[in-house]
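Inspection log for the structure reproduced underneath, given as structure tokens.
The values are calculated or read from the model by the stated rules, or taken from the named source; none is laboratory data. These figures come from a predicted structure and were not determined experimentally. FYI the Cβ positions are ideal-geometry reconstructions off the backbone, even for glycines, and counts take in every protein chain you see. Ligands, DNA and RNA are excluded from the accessible area calculation, which covers all protein heavy atoms including side chains. Shrake-Rupley method; radii C 1.70, N 1.55, O 1.52, S 1.80 Å.
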Amino acid sequence: MKKFVQTLKNIWSIEELRKKILYTLILLFIYRVGSYIVLPGINPNKLANLANSTKSGMLGLLDAFVGGAFQHASIFALGIMPYISASIFMQLVTILVPQMAKVQKEGESGRKKINQWTRYITVVVTAFQAAAYIGYLRSPANRDALMQGYSPQLFWISTVILLTVGTLFVMWLGEKITDKGLGNGTSIIIMIGILARLPQAIGYEWGSRITKGGGGLLIFLIEIAFLVAIIMGLIMLVQGTRRVPVNYAKQIVGNRQFGGARNFLPLKVNAAGVMPIIFAQAILFLPTIFSGFTGGAKYFTDHTNPIYMIIYSVMVIVFTFLYTALIFNPKQMAEDLKRNNGFIPGVKPGQPTADYIGTIMDRITLPGAALLALVGILPGIFQTIFGMQQAFSTFYGGTSLLIMVGVILDTLQQIETQLLMRQYDGLMNSGRIQGRQTVASGI
């Protein structure tokens, strides 16, 4: 406890770090306030049906990412998700299209071009999603929330404009946090939206256990203990790496010697991050569109159904390999090593090195994919075993918990870097907190 207090004092004593933290907190406060500003023409007292319809499926996932703004019909109802969709699209384009890959390699100018194109795509995606959201609000289940005296044409125009501007404003907040705050702004905004639902979920679960009686308090404590254990295991999954030894050849220039050092090439066990889970959930949501034509769609909506868990797990494993193959280029890594006079002991430079790295990556991706699939179905497993509330079970795995753990680790890693730069102790007695990919780049 004494070391923890001293670490907090060290963090607060660094003026630059203190300003970054305060700046980030202020912008996040603005974001959370905006999440409760209701769109014009909506009666906030009649949104019960909208809240009930966003408890599961992709709408529930979207509402979790925006911190409940979707079910509140807020000006931030779409949150930063259109920007995430545009970023993922641009990332895949830069991988699959050679011309875009060249632009990305142009350095700072190329990065600015891609960021600008991403913003343009964000506006288009937001406008389409805003129109879809209006149609959802006008559906028979949610029509009661619309004010009768409000012009339908004015409602359509004002809602599209406000939702688009709201998303662009949230995107701007994220960029400002990245530039002047602490951590990746986009990831932190999503994490805050997820965390905002945690106190309410815990309250519902606590109330449910106390009402039932029969050892409800003990069961609740067991659930909390399992949650802590899962978070610890997920930290190991996020930070797990296979370190491949790399030697650098000695070079003598004049009277000075360069190279000759030994280093390690870290290969992540979970290189794909949370993207396979997001892709699997999106694909499994598609059959629900035809729920009116076939009864088989129920297997794709019930997270506690064994058939759903099996299909979901297989899809997560498949998408993990596919996405890892897209973002991980062993040939490029082998070329970079050769260019810097680096080599793996016992392996010839060039294509043999690329094959060796690719083989290791395949071997560690399989257990990583299996663990990621397990993380994805844990909410359904715990909901079945303990009969817990669905809102609380979502924090036992899946996209929400994986994003929360990853973003917190990334933010703590940046704080630790600031401390070590100024000769302070790190956040841990041994080892270092490893950074990770951000949400916008595949988490």
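So what J values fall out for region 111-128 if you push phi through Karplus, 6.51 cos²θ - 1.76 cosθ + 1.60 with θ = phi - 60°, rounded to Hz, Gly and Pro as x?
5, 5, 4, 5, 4, 5, 5, 5, 5, 4, 5, 4, 4, 5, 4, 5, 4, 5
Using a Förster radius of 45 Å, what is the FRET efficiency between Leu154 and Met232 based on their Cβ-Cβ separation? Nearest 0.05, please.
0.30
Label point 7 Å out from Gln351 along Cα-to-Cβ: which residues of region 311-338 have amide N under 17 Å?
Within reach of a label on Gln351, which here means backbone N under 17 Å from a point 7 Å along Cα→Cβ, region 311-338 contributes 330-336, 338.
Could you give the length gained by full extension between Gln414 and Lys176, i.e. 0.36 nm per residue of separation minus their alpha carbon distance, to one decimal place?
84.0 nm
Go through Ile88, Gln104, Met171 and say which Cα lies farthest out towards the positive end of the charge dipole of region 65-175; charges sit on Cβ, +1 for Lys and Arg, -1 for Asp and Glu.
Gln104
Would you work out the relative contact order for the chain, in percent, from Cα pairs under 8 angstrom that are 6 or more residues apart?
Details: 571 pairs, mean separation 76.6, N = 443.
After rounding, I find 17 percent.
If amide hydrogens are placed 1.01 Å from N in the peptide plane, which non-local residues have theirs closer than 5 Å to the one on Ala77?
none
With springs only between Cα atoms under 10 Å apart, run a GNM on the chain and tell me which of Glu223, Glu108, Glu16 wobbles the most.
Of Glu223, Glu108, Glu16, the most mobile in the Gaussian network model is Glu108.
To the nearest 20 debye, what is the magnitude of the charge dipole of the chain about its Cα centre, counting +1 on the Cβ of each Lys and Arg and -1 on the Cβ of each Asp and Glu?
For this selection, approximately 980 debye.
Given just the C-alpha atoms of the chain, how large is their convex hull per residue in cubic angstrom?
That works out to 190 Å³ per residue.
How large is ³J(HN,Hα) for each residue in region 63-71, as worked out from phi by the Karplus curve 6.51 cos²θ - 1.76 cosθ + 1.60 (θ = phi - 60°), to whole Hz, x for Gly and Pro?
Karplus-based 3J(HN,Hα) across region 63-71 equals 5, 5, 5, 9, x, x, 5, 5, 6 Hz.
Can you list the HN-Hα couplings for region 172-183, worked out from phi with the Karplus curve (6.51, -1.76, 1.60; θ = phi - 60°), rounded to whole Hz and with x for Gly and Pro?
Taking θ as phi minus 60°, the curve returns 5, 4, x, 5, 5, 5, 5, 6, 10, x, 10, x Hz for region 172-183.
Could you look at region 20-80 and say what percent of its accessible area is carbon and sulfur, using a 1.4 Å probe and all protein chains? Could the numbers behind the result be given before it?
Values: 1650 of 2420 Å².
Its accessible area is 68 percent carbon and sulfur atoms.
Non-local amide H neighbours of Leu267 (under 5 Å, H modeled in plane, Pro and chain starts lacking H): which ones?
Close amide H contacts, sequence-distant or interchain: Arg242, Arg243, Val244.
Angle between the Cα long axis of helix 306-327 and the longest principal axis of the chain, 0 to 90 degrees, nearest 10?
The angle comes out at about 40 degrees.
For the Cα atoms of the chain, what angle does the longest principal axis make with the long axis of helix 198-212, in degrees from 0 to 90, nearest 10?
Rounded to the nearest ten degrees, it is 60.
Which order do Lys176, Lys331 take when ranked by solvent-accessible area (1.4 Å probe, heavy atoms of all protein chains), largest first?
Largest accessible area first, the residues go Lys331, Lys176.
Express in Å², to the nearest 10, the accessible area of Met421 obtained by rolling a 1.4 Å probe over the protein heavy atoms while all chains stay in place.
120 Å²
Among Phe392, Phe319, Phe328, which one shows the highest mean-square fluctuation when the chain is modelled as a Gaussian network with alpha-carbon springs under 10 Å?
Phe328
How much accessible surface does Val97 have with a 1.4 Å probe, in Å² rounded to 10?
50 Å²
Of Leu374, Leu25, which has the most accessible area with a 1.4 Å probe, and how do the rest follow in descending order?
Listed by decreasing accessible area, they come as Leu25, Leu374.
What distance in nm separates the two pseudo spin-label positions at Phe169 and Ser85, each 7 Å out from Cα along the beta-carbon direction?
About 2.1 nm separates the two model spin labels.
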